[in-house]
Amino acid sequence: MTGDVVIAPAWADRRNPQVRMVCVPYDRPQYPASAGHAVSNHHGGPHMEEFDVIISGYGPTGISAASLIARMGHSVAVFERWPTMYGLPRLCSIDGESCRIVQAAGDVDQALADHSDVKWYHLVDGEGNVLIDVNFEKEKRVSGFYNRKSMYQPDVERAMDEAGRERGVQVFQGYELKAFEQDADGVTVTVEKNMRRYEGPQEDPKQYRAKYLIGADGANSIVRKVMKPEMDDYGFREGFLSVDVMRKGDYQFASETSTSICDPKRPISVIPIGNNRMRFEFLIDPDEDNTELLTPDVGYHFLESAWGITKDDVEIYRQVLYPFEAKVMHNWRQGRAFLAGDAAHQMPPFQGQGACSGMRDSINLAWKLDLVLRGLADEDLLDLYTEERRPHVTKVTVDTVEIGKVACTRDEKVIDELSAFLKSGGELPPPPTMPNLDFGILHRASGEVDRPAGLLGPQGPVEKDGVTGRFDDVVGWGFQLIVAGTDPLADLSDEHREFLAQINCVAANVGDGGDVKPLDAEYMEYFATHGVMGVLVRPDYYVFAGIRSLDELPAIIDDLRGQLKIKALAPA
């Protein structure tokens, strides 16, 4: 990569409205809309074009939601105020659960073309003494992917974008949602051409209709401004000068390790971005004028003074100031409008869970909307979106804030006391783990959630009819009834079978002689760990119920049908 680094104006890093400036190399063009798909330019009017779902915003949350909903057969339109995909990374790591969501939303191998498995997170003091050590290799790989992957975000977005367009998603790039109104039958949105990135005359506003609207339009969400939900603010506000670099020649990065350096003089985080790039984040006061830090010379100075890295080793391709906070909205649904991603919650970056949480929102809402749009479930089902997702993301946010308080401290006494405590043999509590699902649509045979209900369900490599691959690709994505040793449908009534068919549930026998042959021990180990012979899994990969005996399967299916608020079954 060659060429000077140039400073772009404040709006260039549009995912965070508080970012003031960003550096991009002039010869690294933003990648355009997927080949073969022109930007849509449909006009509203007396006969407005109608969709099942309209999405405002086309970051990871909006892209994944659009592709998943379209995959289930529904018409989707997206309005994104910027005319091209961004083409540079903001997020730089995702977990195994999110990889599985990307697998459903696009070509996950294309998405992870440049990735590294992150095996360690180190939190060290200014002298390099380890304060906290997290070994991600110890975590069970349930979802079919390594638990922590560093990747290049444009690859992930491109993979989901291309799949979504192939599934029929209409993407109106360069158009911004300005207002919306709801009625008993749907939502009318008003959009305008974003003249900040276009030359020429302003177009008249256009209107479109949809049955539902998803606001995935970031921390400065227009949809949220209309909805005006209450929120919890956790009082954490910090900022980084983020310097993204690409290695030159034979220079090597420690791509398997993320590090936070708790040096009160200048806390630093170092995060791999796949195999060939690295992010260096230097703590700043987000409320000061830090624009003088945005020159490339400052970026290289910070790299050399902190790490001994020079222009001969790396090239800066993005340099940006951004603040981060910790906020969670109370209600993510208002009638036919929903919030998702940063529009619903914001968190510090220290667990790499911001975009992961947004994609969890997408898949959770997508499968519920599918059942309602197909007329199978009552609209009350959609209330469970907030009920399920909000406690989960709140726990992740609170845990991340606690990590951030240590990683961002400017108090030398705090670090000295912590270091002395650990040197004297003291032990810190274990690092936080991802929360389970404890609310919503889960089987409660005894009134309490009975594990593995609420845990992530397994995905391993399998073979069926001579085809090998990941289970979701070979057998199918959606509700999954997976049992070892027998055909799970064999003894079910016609009504139970019809219900499973209506909700597009796939069934598999992964035991000896079954129709699906596991290629590793993933399923048998999972079943043995939880004392079950099978699981009934939701489309967002959380287990609805563990199955200890086929005798209890009819009652489990009846419970699922009741909790989904399924109406009378339509003819199969």
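Once a ≥ b ≥ c are taken as the square roots of the eigenvalues of the Cα gyration tensor of region 287-409, is the result rounded (a/c under 1.5), prolate (a/b larger than b/c) or oblate (a/b not larger than b/c)? Taking the square roots of the gyration eigenvalues as a ≥ b ≥ c, region 287-409 is prolate. Does region 446-506 come out rounded, prolate or oblate, given a ≥ b ≥ c as the square roots of the eigenvalues of its C-alpha gyration tensor, rounded meaning a/c under 1.5 and, failing that, prolate meaning a/b above b/c? Judged from the Cα gyration tensor, region 446-506 comes out oblate (a/c at least 1.5, b/c at or above a/b).
Can you figure out the FRET efficiency of residue 237 with residue 305, using R₀ = 41 Å and their beta-carbon distance, to the nearest 0.05?
0.95
Adding -39500 (n - 2.57) for every DSSP H run of four residues or longer, then dividing by how many residues the chain holds, sets the calculated 222 nm ellipticity at -8000 deg cm²/dmol.
Within the chain, which is the longest segment containing none of the GluC sites (Glu not before Pro) that sit in a DSSP loop and have at most 11 other Cβ atoms within 10 Å? Before the final figure, lay out each step's value.
Numbers: sites that count: 127, 199, 230, 288, 427, 448.
Counting at most 11 other Cβ atoms within 10 Å as exposed, the longest clean stretch of the chain is 289-426.
Given their separation in residues at 0.36 nm each and the Cα-Cα distance between them, residue 501 and residue 285 gain 72.2 nm when the chain is fully extended.
Assign one of three labels to the chain, namely rounded, prolate or oblate, based on the Cα gyration tensor with a ≥ b ≥ c the square roots of its eigenvalues; rounded applies when a/c is under 1.5, prolate when it is not and a/b is larger than b/c, and oblate otherwise. Can you show the working numbers first?
Working: a/c = 1.78, a/b = 1.24, b/c = 1.44.
Oblate shape, in that a/c is at least 1.5 and b/c is the bigger or equal ratio.
Could you please rank 324, 439, 544, placing first whichever residue has the fewest other Cβ atoms within 10 Å of its Cβ? Kindly include the intermediate steps, with their values, before the conclusion.
On the way: 324 22, 439 15, 544 26.
In order of increasing Cβ crowding within 10 Å: 439, 324, 544.
Modelled spin-label separation between residue 387 and residue 374, with each label point placed 7 Å from Cα along the Cα-to-Cβ direction: 2.1 nm. Scanning residues 5 or more positions from residue 174 or on other chains, those with amide H under 5 Å from its amide H are 80, 81, 82, with H placed 1.01 Å from N in the peptide plane. Legend: distances between Cα atoms for 211/395; 178/211; 368/464; 327/368; 149/405; 138/464; pairs beyond 20 Å are 211/395; 368/464; 327/368; 149/405; 138/464.
Each principal axis of the Cα cloud of region 461-563 was taken in turn, and the coordinate range along them, longest first, works out to 35, 27, 25 Å.
Each residue of region 119-124 is assigned a 3J(HN,Hα), and the resulting list reads 9, 9, 10, 10, 10, 10 Hz, derived from the Karplus form 6.51 cos²θ - 1.76 cosθ + 1.60 (θ = phi - 60°), x at Gly and Pro.
Listed values for region 537-552 are Karplus-derived 3J(HN,Hα) couplings in whole Hz (6.51 cos²θ - 1.76 cosθ + 1.60, θ = phi - 60°), namely 10, 7, x, 8, 6, 7, 6, 6, 7, x, 10, 8, 7, 5, 5, 8, and x replaces Gly and Pro.
Bear in mind that the values in this text are calculations on the coordinates, not laboratory data. The model shown is predicted, which means the values in this text are computed figures rather than measured ones. In this analysis, Cβ positions are derived from the backbone assuming ideal geometry, glycine residues included, and neighbour counts consider all displayed protein chains.
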